[in-house]
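Asks: Got a structure for you, questions after.
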Amino acid sequence: MKNSLSQKLILSCALICFSPFAVLKAQNAEKGAELFKQCISCHGQNGEGNPAMKAPKLSGQYDWYILKQLKDMKAQKLRKNEAMMPFLNKLSETDMADLALYISKLSI
């Protein structure tokens, strides 16, 4: 029983370390702030969102959640958003992680 628990713990740690979200370790909030400038016209200066444009509130979200949403929209498999594609197509994985970190620090 004890061996099984330690194996599960090791497996869980490995999954976390090697997950798609492991890139979050190398984030640069300053670069994210620069990238966010192109988001302001729809999502607001502080990520407050704009219901009239169907642009959701971003402030208050976790960086891992924002990164997942960006990746899902860019892949256009789980989530499709044509309005976001011109912006997403320009972003690398690192750009998305930097942007997610910056957005997660926003508050209204």
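Every read-out reported here was derived from the displayed coordinates using simple, explicitly stated rules and does not represent laboratory data. What you are looking at is a predicted structure, and each value in this text was computed from that prediction instead of being measured. Note that we place each Cβ from the backbone using ideal geometry, even for glycine, and neighbour counts take in every protein chain shown.
Asks: So how do 87-98, 70-81 stack up, highest first, on mean other-Cβ count within 10 Å?
Replies: 87-98, 70-81
Asks: Using Cα positions and a limit of under 19 Å, work out the aspartates and glutamates in reach of K31, with same-chain residues fewer than 8 apart set aside.
Replies: Partners within reach: D63, E93, D95, D98.
Asks: Moving to a separate point now. For every other residue with a beta carbon closer than 12 angstrom to the beta carbon of R79, add +1 if it is Lys or Arg and -1 if Asp or Glu, then tell me the sum.
Replies: Computed value for this residue: +3.
Asks: Run down the aspartates and glutamates and flag those whose C-alpha is under 14 Å from the C-alpha of K80, throwing out any fewer than 8 positions away in its chain.
Replies: Straight-distance partners of K80: D72.
Asks: Okay, next question. Given the Cα-Cα distance of I40 and A52 and 0.36 nm per residue of separation, how much length would full extension add, in nm?
Replies: Between I40 and A52, full extension yields an extra 2.9 nm.
Asks: Please list, in chain and number order, the residues 5+ apart from A55 or on another chain whose amide H is under 5 Å from its amide H, with Hs placed from the backbone.
Replies: For A55, the qualifying residues are N50.
Asks: With a/c under 1.5 counting as rounded, go ahead and sort the stretch 23-65 into rounded, prolate or oblate using the C-alpha gyration tensor (a ≥ b ≥ c being the square roots of the eigenvalues; past the cut-off, prolate if a/b is larger than b/c, else oblate).
Replies: Verdict is oblate for the stretch 23-65.
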